[in-house]
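Here the structure is laid out as structure tokens; the discussion comes afterwards.
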Amino acid sequence: MPTAEELKRRIEAGIPGAEAEVEDLNGTGDHFRATVTAPAFAGKSRLEQHRLVYDVFGEEVGGPIHALSIKTRTQ
């Protein structure tokens with residue numbers, strides 16, 4: 001099972017300049033909430049911003065990462 005800290009590190013490594021806060025919502029390692037701030041989101045729609053985050057995990061979302069709620073910001 002992935003940890004909130006692991007997801008945080010992966011988001012920050014996968015999106016240039018990103019700062020992430022990730023919370024394990026139920027303690028089981030499969031439902032997470034992420035707040036991600038990144039200059040890479042500037043000028044992108046919310047859907048495009050969320051795709052950037054989902055792309056970090058690929059097919060893990062819906063598998064080992066059953067649910068990932070995302071909030072994005074540019075600053």
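Just for the stretch 33-53: of the residues that are part of a helix (DSSP H, G or I) and surrounded by 15 or more Cβ atoms within 10 Å (Cβ to Cβ), which one is nearest to the chain's Cα centre (by Cα)? Spell out how you get there, then give the answer.
Initially, the stretch 33-53 is screened for residues part of a helix (DSSP H, G or I), giving 39-41, 46-53.
Adding the requirement that they be surrounded by 15 or more Cβ atoms within 10 Å (Cβ to Cβ) leaves 40-41, 49-50, 52-53.
Numbers: 40: 13, 41: 13, 49: 10, 50: 8, 52: 8, 53: 5 Å.
Here the answer is 53.
Which members of the stretch 1-21 meet the condition of being assigned to a loop (DSSP other than H, G, I, E, B) and either surrounded by 11 or more Cβ atoms within 10 Å (Cβ to Cβ) or touching a helix residue (DSSP H, G or I) at 6+ places or on another chain (Cβ under 7 Å) (or both)?
2, 3, 15, 16, 17, 18
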Report task. Mind listing whichever residues of the stretch 55-75 are in contact with a strand residue (DSSP E or B) (Cβ under 9 Å, 6 or more places away or on another chain), surrounded by 16 or more Cβ atoms within 10 Å (Cβ to Cβ) and in contact (Cβ under 8 Å) with a residue 12 or more places away in the chain? Result -> 57, 65, 68, 70, 72
Query raised in the report: Are there any pairs with C-beta distances below 8 angstrom linking a residue in the stretch 1-21 that is closer than 16 Å to residue 31 by Cα to a residue that is exposed (fewer than 13 other Cβ atoms within 10 Å of the Cβ) and not polar (S, T, N, Q), with the two at least 6 apart or on different chains, and if so which?
Result: 1/64; 2/64
Requested in this report: Under 6 Å between Cβ atoms, at least 6 apart or on separate chains: pull out the pairs that start in the stretch 30-51 with a residue that is within 20 Å of residue 62 (Cα to Cα) and in contact (Cβ under 8 Å) with a residue 12 or more places away in the chain and end on any residue that is hydrophobic (A, V, I, L, M, F, W, C) and part of a strand (DSSP E or B).
Outcome: 31/67; 32/22; 32/68; 34/20; 34/22; 34/70; 36/20; 50/70
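In the stretch 5-27, which residues are under 11 Å from residue 65 (Cβ atoms) and not basic (Lys, Arg)? Outline the logic, then answer.
The initial filter retains those residues of the stretch 5-27 that are under 11 Å from residue 65 (Cβ atoms), namely 6-7, 10, 22, 24.
6, 7, 22, 24, listed by residue number.
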Query raised in the report: Within the stretch 22-32, can one find any residue that is surrounded by 12 or more Cβ atoms within 10 Å (Cβ to Cβ), modelled with pLDDT under 95 and at positive phi?
Result: yes
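The values are calculated or read from the model by the stated rules, or taken from the named source; none is laboratory data. These numbers were taken from a predicted model, which means no experiment stands behind them. Glycine also receives a Cβ, built like all others from the backbone with ideal geometry; neighbour counts cover every protein chain displayed.
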